[in-house]
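Below is one structure; the comments refer to it alone.
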Amino acid sequence: MVIDDSIRQQFPILDQQVHGHPMVYLDSAATAQKPLAVIDAVRDFYLKDNAGVHRGAHELAARSTMAFEHARSRVAALVGAEGQEGGEEIVVTAGATAALNLLATAFGNASLGRGGKAAQRFALKPGDEVVVSKAEHHSVLLPFQELCYRTGAVLKSFDLDPDGRVLADTADQVITERTKVVAVTHVSNVTGAITDIKPIVRRAHQVGALVVLDVCQSVPHLPIDLHAMDVDFAAWSAHKMYGPTGVGFLYGRRELLEALPPASFGGSMVELAYLDRPASYMDPPARFEAGTQPVAQMIGAGVAADWLMDLGMENVAEHEKAIAIGLLRVGELDGVRILGPTTPEDRIGTVAFDVQGVHPHDVGQYVDSRGIAIRVGHHCAQPVHRHFGLMASNRASTGVYNTVADTDALLDAVSGVRRFFRVA
Amino acid sequence: MADFGMDDEDLEQMYQEVILDAARDPHGRVGDQADGGEDSDGDGVTIRVEHEACLAAESHQFNPTCGDQATIHVEVAPGEQGGPDLIQRIVWQGSGCSISQASLSIMVDLVQGQTVDHAMDLAADFRKLMESRGAGIEDEKAQDALGDAMVFQGVSKYPMRIKCALLGWEGMKASVAQALSAGRVGDKAVKEEQA
Ligand SMILES: Cc1ncc(COP(=O)(O)O)c(C=O)c1O
């Protein structure tokens, strides 16, 4: 299926004027807009089926539970994970950040001896190493940095090449016999560069380390098969893949999820609870899903996954590549530098750029006055900005609904920025 | 729906000549190298002190949403025998958007050499202006006193940018307060002077 402009009809939000101009939305890396199919699914759920899941026995509770679990299987299908009951590899969380914190906390609990012998494979001790990259989002960097502070492990990092791409071919040096965890981004939310994870996974597994992949920016844009990629854990959010906010996922190889101790405690994750003895916890994924779940959001996420699979992720990737080529032309403007690869190979349509002499806040204000939404700031990734010698940047990013006209509008606006601010 | 953005006319309103000019060559900004940048003696002051008899202090201000940052350095001459405390010197290091840079520049022009009380009054009036949601302030005396700083009225319409305009003023208030309180309890510099 070829994706063309008609897809925009499924996104009513795009059809509006902003400051007297047709709105151009180029901030899908922050959050994607939602197709009617997702909006309708959430509304329908509240209109007809709303109830908590895995609790109670009435009709609505049963329907909600079925729908929730069906959604889980659709999300699993999107990323090539196991979705069959009893073998589930997808844990529902509040988002990618929550998923990564869950994982780091669970590793920390294992380091304290919780989870018994099976969990010792996750335990860290002083002198062990955790490896991240300089391109990490703070949501990867900080949970694992804190884990290091709690356990005495040492945090190390992959360097980046001049384009900001993770230097994956240094894996044999960076990952050592002492490395226990490697947590890296699949696609940077700043540079848009796709990390070559093969050498990283190979080396990590050679030394017995676990690989945690941040797939926030790859799942919405590229075909992903987590089994084929052979990663151990992965995290992402529904809201960047056209689903609702408030829900995200932790993928774990089944065997690992079964050994992982819980990180969050409460209702619906426990089999037997006592006042005077430790509780026994449920099997995954329930073990990691304490408390009332974001049911409507999850159902929306399942529909988003189906919607993407119907489009075909190959088609999504191809469409967005054409838009990326349009966006990359911004680097040809006077005084504009792209932070990331300047050609469309091995990258997605997330394009960060610096306008020499004009602060991103001012660039953002200027293009907003022309109805164009881009992100300005450090995009929750300060170390990668330091790599480029900057504090902040401007970032335009694509979604399935963007058109070449959108990229033309951005180029036109950015070309006026330096003159307006008297630096050209 | 409230409209927090701007059309072309609003854009010109926000970025008035005075702001664009001030942002390009802001007053009071000192280079990173010439004036240190390392707190060599651990007293919290990184920019070289020029007036040894003054109470020096610095405040580091940071706007985490956009990364604007400034270290505002003041040297306050303590008023003798009940006389007013004077802001003898105010300079800053940092970087940020044109709104923050221009506001720092205009703030420096307004408070340099003034009494601390006057500077604090200006800061309070400027805050009122920035909280006015584009309406401005009625007090004509305050308008006159704020002078060039009144051009930020256009900025006060935009919730996302108010912090940028206030950054320098907040730093001035914090560093002056710190200089004075350190002096009052007998700070290191003062004691050494007197010894
Ligand atoms: C690469 C990357 N990792 C992690 C996150 C965190 O996702 P969330 O804020 O939805 O938890 C984001 C998005 O903000 C991201 O782009």
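A straight Cα-to-Cα reach below 23 Å connects B:Lys173 with the lysines B:Lys128, B:Lys141, B:Lys163, B:Lys188, residues fewer than 8 places away in its own chain not being considered.
Could you identify which residue out of A:Leu47, A:Leu124, A:Leu167 has the top mean-square fluctuation in a GNM of chain A using Cα springs shorter than 10 Å? Looking only at A:Leu47, A:Leu124, A:Leu167, the biggest GNM fluctuation is shown by A:Leu47. When +1 charges are put on Lys and Arg Cβ atoms and -1 charges on Asp and Glu Cβ atoms, the dipole computed for the range A:42-309 relative to its Cα centre reaches about 460 debye. A P(r) calculated from all alpha carbon pairs of the range A:42-309, with 5 Å bins opening at zero, reads 1, 6, 13, 17, 19, 16, 12, 8, 4, 2, 1, 0 percent.
The mean count of C-beta atoms from other chains within 10 Å of the C-beta of residues in A:373-380, rounded to a whole number, is 2. Just to be sure I understand the curve: with the Debye formula and one point per C-alpha of the protein assembly as shown, what is log10 I(q)/I(0) at q = 0.06, 0.09 Å⁻¹? Evaluating at q = 0.06, 0.09 Å⁻¹ gives log10 I(q)/I(0) of -0.40, -0.85. Per residue of chain A, what 222 nm ellipticity follows from adding -39500 (n - 2.57) for every DSSP H run with n ≥ 4, rounded to the nearest 500? One gets -10000 deg cm²/dmol as the mean residue ellipticity at 222 nm. In plain terms, the chain from A:Lys48 to A:Gln9 could stretch by 11.5 nm, reckoned as 0.36 nm per residue minus the Cα-Cα distance. Around the amide H of A:Phe353, modelled in the peptide plane, lie the amide H atoms of A:Leu339, A:Asn394, A:Arg395, A:Ala396, all under 5 Å away and 5 or more residues distant in sequence or on another chain.
Comparing A:Gln33, A:Gln173, A:Gln293 in a Gaussian network model of chain A (Cα springs below 10 Å), the most mobile by mean-square fluctuation is A:Gln173.
Take each residue of peptide A:353-359, count the partner chain Cβ atoms within 10 Å of its Cβ, and average: the result is 2. Taking 51 Å as R0, compute the FRET efficiency from the Cβ-Cβ separation of B:Glu17 and A:Gln173 and round it to 0.05. After rounding, the FRET efficiency stands at 0.40. The calculated FRET efficiency for A:Met23 paired with A:Val154, based on their beta-carbon distance and R0 = 35 Å, is about 0.15. What the Cβ-Cβ distance of B:Gln112 and A:Glu59 gives, at R0 = 60 Å and to the nearest 0.05, is a FRET efficiency of 0.20. With the whole protein complex present, B:Lys163 retains an accessible surface near 120 Å², based on a 1.4 Å probe. Between A:Thr343 and A:Val423, the distance separating the two model label sites (each 7 Å from Cα on the Cα→Cβ line) works out to 2.8 nm. Round to a whole angstrom and tell me the spacing of the C-alpha centers of the range A:77-105 and the range A:1-42. First find each Cα centre; the distance between them is then 27 Å. Between the range B:85-164 and the range A:341-401, the alpha-carbon centres lie 30 Å apart.
When the surface is traced with a 1.4 Å probe over the full set of protein chains, B:Arg48 keeps roughly 150 Å² accessible. Which one of A:Ala30, A:Ile175, A:Thr65 is farthest out on the positive end of the charge dipole of chain A, using unit charges on Cβ (Lys, Arg +1; Asp, Glu -1) and the Cα centre as origin? It is A:Ile175, whose Cα lies furthest towards the positive end. Pairs from the table (A:Lys134/B:Lys157; A:Lys117/A:Lys240; A:Lys240/B:Lys157; A:Lys198/A:Lys321) lying more than 26 angstrom apart at Cα are A:Lys134/B:Lys157; A:Lys117/A:Lys240; A:Lys240/B:Lys157.
The values are calculated or read from the model by the stated rules, or taken from the named source; none is laboratory data. Predicted model, so just to flag it, every value in this text is computed and none were measured. Cβ sites come from the backbone with ideal geometry, for glycine too, and all protein chains shown count toward neighbours. Note: areas computed on protein heavy atoms with side chains; ligands, DNA, RNA excluded. Shrake-Rupley method; radii C 1.70, N 1.55, O 1.52, S 1.80 Å.
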